[in-house]
Amino acid sequence: MKVVVFGASGTIGRPLLDELAGEHEVVAISRHEREVTQGVTWKTADATDGGSVARVLEDAEVVYYLVHSLGSADFEERDLRAAETTALEAERAGVRQLVYLGGLGDDSAGLSSHLRSRLETGKRLASTSVPVTTLRAAIVIGRDSAAFETIVALVDRLPAMVTPRWVSTRTQPIALTDVVAYLAGVCGREDTFGESYDVGGPEVMTYRQMMERIAVLRDKHPFIFEVPVLTPYLSSLWLHVVTPVKAGIARPLIEGLRNETIVRDDRIRGLLSIELTAFEVAVREALAT
């Protein structure tokens, strides 16, 4: 099949290309020119520009949508416009399936701007006749994952942390390799058309437990003290000082940590036989790359 991947140069997109290239004709889409990759054709397009999207979708059967504008002040508006443009052009091109990676927790009350954007983007993608397969994940454990890199930086740089209550929120982190396997596994499968699936790793933990377990692997011993006074806004500015993640990205991510992100519908486990990666193994692999 001819498979087009938007957001191909991102954290998820890059390994997904390798996974798909062995079985499909893969076209990778980026806003800027990229070096040639074996088995992959690179093209440029802006997901908000209908003309450029139409050009790269010619003869496409499956389209992966991994685009997001996090870091831009108007990221919600940009994401909606890009999703609508891509969905409309996919319909015109006769695409059989759109595959979207959304976020766990986007059905919770009091959504953060980030999770709300993920939810609304999925709805916009599903606004045409092209069936959408949605996978919803929590924090992805992998190199260049903004949330993971933030947590590692906190562990590495702070011997003591005064943290807000979100450190006690439960999450279900998943290894980058497992997310990629799930995404590749639904490619072209008609029984997944129009369906939404939760994907997560083998363990549920709080963010505090995650930091403590990463600290053990890094041979660190941070003292973590929880207080209710650090607002998400102040937390994001604090993170900007002590981590590599810019405040414009950190702020919406941190705001989303108040929402639980755990698997509540594990139907995909019956469709795809994937041996999930243990948390410590995923962290070691991410830190080794």
Say we look at segment 78-107 and pick out the residues that are touching a residue at least 60 places away in the same chain (Cβ under 8 Å) and in contact with a Pro (Cβ under 9 Å, 6 or more places away or on another chain); which of these is farthest from Glu120 (Cα to Cα)?
-> Arg96
Restricting segment 44-62 to residues that are out of contact with any Asp or Glu (no Cβ under 8 Å at 6 or more places or on another chain), free of Cβ contacts under 8 Å to residues at least 60 places away in the same chain and surrounded by 17 or more Cβ atoms within 10 Å (Cβ to Cβ), the residue that is farthest from Pro131 (Cα to Cα) = Ala45
Residue count, segment 14-33, condition under 18 Å from the mean Cα position of the chain (by Cα), over 13 Å from Tyr65 (Cα atoms) and in contact (Cβ under 8 Å) with a residue 40 or more places away in the chain, comes to 3
In this structure, does Val130 turn out to be at pLDDT below 80, more than 16 Å from Thr11 (Cβ to Cβ) and not in a helix (DSSP H, G or I)?
-> no
Restricting to segment 26-79, what's the tally of residues that are assigned to a helix (DSSP H, G or I), in contact with a helix residue (DSSP H, G or I) (Cβ under 7 Å, 6 or more places away or on another chain) and at pLDDT 85 or above?
-> 3
State which residue is surrounded by the fewest Cβ atoms within 10 Å (Cβ to Cβ) when the search covers only segment 128-161 and only residues that are small (Gly, Ala, Ser) and either within 21 Å of the chain's Cα centre (by Cα) or farther than 30 Å from Ala93 by Cβ (or both).
-> Ala160
Say we look at segment 1-13 and pick out the residues that are in contact (Cβ under 8 Å) with a residue 60 or more places away in the chain, assigned to a loop (DSSP other than H, G, I, E, B) and under 22 Å from Arg189 (Cα atoms); which of these is nearest to the chain's Cα centre (by Cα)?
-> Ile12
When (1) surrounded by fewer than 19 Cβ atoms within 10 Å (Cβ to Cβ); (2) outside any strand (DSSP E or B) are applied to Thr86, the one that fails is (1)
Exception for Phe223 within (1) surrounded by 20 or more Cβ atoms within 10 Å (Cβ to Cβ); (2) at pLDDT below 90 falls at (1)
Quick one: in segment 133-145, which of the residues that are part of a strand (DSSP E or B) and not hydrophobic (A, V, I, L, M, F, W, C) is nearest to Val199 (Cα to Cα)?
-> Arg136
Taking into account only those residues within segment 89-114 that are surrounded by 18 or more Cβ atoms within 10 Å (Cβ to Cβ) and of a type in the set (D, E, K, R), which is modelled with the lowest pLDDT?
-> Asp106
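The values are calculated or read from the model by the stated rules, or taken from the named source; none is laboratory data. The structure displayed is predicted, hence computed values, not measured ones. Because the Cβ atoms are built from the backbone with ideal geometry, glycine has one as well, and the counts that use them run over all protein chains shown.
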